[in-house]
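K.L.:
First the structure, then my questions, so here it is.
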Amino acid sequence: MNKAPFAYLAADLIREKDCPILKRRNFFGDYTVFLQNTAGENSVRAYEAMKETGYDTDLVWDNILRLQDPAEIRQVMHFARYPSVRATKHVFREKEACLVVFGDEERFMKLCGRYVKALPAEITAVFEDPSLTYAEKLRTAGGYGSKYKYIAVLDPEGIPSFGDPKSNRASLLYEELECLIAGRPFVGNVLDIFENETRIGLLVPPVPVYGNYFENFGDGFAGRFDEVLALARELGVSFPISDKNPPCYSFGGGFWVRGEVLAKAAAKLEGIGADDFLIRVILPYLMQKEGYLTAQIAGSRYAGTLATNLDYAMRENNKVVFRRFGPDYFWSEIDKIKNRD
């Protein structure tokens, strides 16, 4: 006997039973519910089964992007991509993509030039004024959207710093480079993601769960959720945004994006007086307002570092929790922590 087959076995109902009914709840929601009795693969498998039948998946996206918190969509649909840095089948074209770096060209090339030199010859690299506000940087980068289909942005001099040691900032810059411009094969695979997954509009590096970033960013909103929500409403974002759901944005300011969509989103920031942090957080919400999802991106080389860090952090947390409460279902452990004396 299977509990809640419409949720946990939706793909099997579609493939084996030709079930004509699929709950929209499969594509968003509290991820803890999915982890109660599965590995969390349910929604992705259901979506793949739908595509096999020829179902118009735009009907799904047009509905949930307009009505749901992006975090609830991103988690259940596993919007994280780890393309290879070793091989690609992509055929590069002129004017297909460009790299916009907000930094001093001579200094950047001295420190990070090997990444730029490893890019395909078809990728144009341009350097812009690093002293601009982040909103101005987005509008500047968006200006290239009329010439290039896809744009990579790096903001090395704008990477947040919370004081010494400087290795924190160096690690975040390394993460951005490895997750955004990790060589010709990687960039080709990034462009294929955009070509094949037409509802992904923005690709951002993973959350930095190390050093003083872990302390200062906290849940991602850094204690400023009310300001984020107010700015979202000011910009016409009407779908739900909850402080219980962590945002997915570029902590270091770098990303890949569809050029025309960035131009539209950035234009809405004209005259907005929000600081750089708020603008970084709000960009994915503006992308969803335009009908596009945000996914995390990391090269296959950096994915090993990411997986190691996350596994270590989870196991260390589990040691403390299991000693205090004993082993249990994940959601039960969370409830115990929330309701502890």
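K.L.:
Which is closer than 20 Å to Lys95 by Cβ and among the small types (Gly, Ala, Ser), of Gly158, Gly145?
P.N.:
The match here is Gly145.
K.L.:
It is to be established whether one or more residues within region 178-194 are among the acidic types (Asp, Glu) and closer than 21 Å to Glu94 by Cα. If you could, list the steps in order and put the result at the bottom.
P.N.:
Taking region 178-194 and keeping what is among the acidic types (Asp, Glu), we get 178, 192.
Keeping just the survivors that are closer than 21 Å to Glu94 by Cα gives 192.
Yes, some residue in region 178-194 is among the acidic types (Asp, Glu) and closer than 21 Å to Glu94 by Cα.
K.L.:
Within region 49-66, which residues are surrounded by 13 or more Cβ atoms within 10 Å (Cβ to Cβ), closer than 15 Å to Leu13 by Cβ and not small (Gly, Ala, Ser)?
P.N.:
Within region 49-66, Met50, Tyr55 qualify.
K.L.:
Mind counting the residues in region 160-211 that are closer than 17 Å to Val116 by Cα, free of Cβ contacts under 8 Å to residues at least 12 places away in the same chain and among the aliphatic types (A, V, I, L, M)? Steps first, answer last, please.
P.N.:
To start, the set of residues in region 160-211 that are closer than 17 Å to Val116 by Cα comprises 173-191.
Checking the rest, the ones that are also free of Cβ contacts under 8 Å to residues at least 12 places away in the same chain come to 174.
Narrowing the set further to residues that are among the aliphatic types (A, V, I, L, M) leaves none.
So the answer is 0.
K.L.:
Here's a follow-up. At least 3 residues that are over 17 Å from the mean Cα position of the chain (by Cα) in each: list the helices (runs of 4 or more DSSP H) lying fully within region 235-341 that qualify.
P.N.:
Working: elements: 259-267, 276-289, 300-325, 330-338.
The helices (runs of 4 or more DSSP H) meeting that bar are 259-267, 300-325, 330-338.
K.L.:
May I pose another question? Every residue in region 55-95 that is in a loop (DSSP other than H, G, I, E, B), in contact with a helix residue (DSSP H, G or I) (Cβ under 7 Å, 6 or more places away or on another chain) and within 27 Å of Tyr134 (Cα to Cα), please. Break it down into steps so the answer makes sense when it comes.
P.N.:
From region 55-95, those in a loop (DSSP other than H, G, I, E, B) are 55-57, 68-69, 77-79, 82-95; that's our starting set.
So of that shortlist, the ones also in contact with a helix residue (DSSP H, G or I) (Cβ under 7 Å, 6 or more places away or on another chain) come out as 57, 77-78, 82-88, 90, 92.
Listed by number, the list holds a single entry, Tyr82.
K.L.:
Just give me the residues in region 203-230 being closer than 20 Å to Ser171 by Cβ and small (Gly, Ala, Ser), in sequence order.
P.N.:
Answer for region 203-230, where residues must be closer than 20 Å to Ser171 by Cβ and small (Gly, Ala, Ser): Gly211, Gly218, Gly220, Ala222.
K.L.:
Of all residues in region 147-185, which are of a type in the set (Ser, Thr, Tyr) and either under 15 Å from the mean Cα position of the chain (by Cα) or closer than 16 Å to Ala97 by Cβ (or both)?
P.N.:
Selection gives Tyr148, Tyr150.
K.L.:
Where residues in region 245-295 are among the β-branched types (Val, Ile, Thr) and closer than 13 Å to Phe221 by Cα, which of them is surrounded by the fewest Cβ atoms within 10 Å (Cβ to Cβ)?
P.N.:
First, the residues of region 245-295 that are among the β-branched types (Val, Ile, Thr): 257, 261, 272, 279, 281-282, 294.
So of that shortlist, the ones also closer than 13 Å to Phe221 by Cα come out as 279, 281-282.
Numbers: Ile279: 22, Val281: 24, Ile282: 27.
Among those that are among the β-branched types (Val, Ile, Thr) and closer than 13 Å to Phe221 by Cα, it is Ile279.
K.L.:
Residue under question is Gly291, and the condition is that it be at positive phi and at pLDDT 95 or above; does it hold?
P.N.:
In short, yes.
K.L.:
Count, please, the residues in region 208-226 that happen to be at pLDDT 90 or above, crowded, with 17+ Cβ neighbours inside 10 Å and under 13 Å from Gly252 (Cβ atoms).
P.N.:
The total comes to 2.
The values are calculated or read from the model by the stated rules, or taken from the named source; none is laboratory data. All values derive from a computational prediction rather than experimental measurement. Quick reminder, even Gly has a Cβ in these numbers, built from the backbone with ideal geometry, and neighbours come from all protein chains shown.
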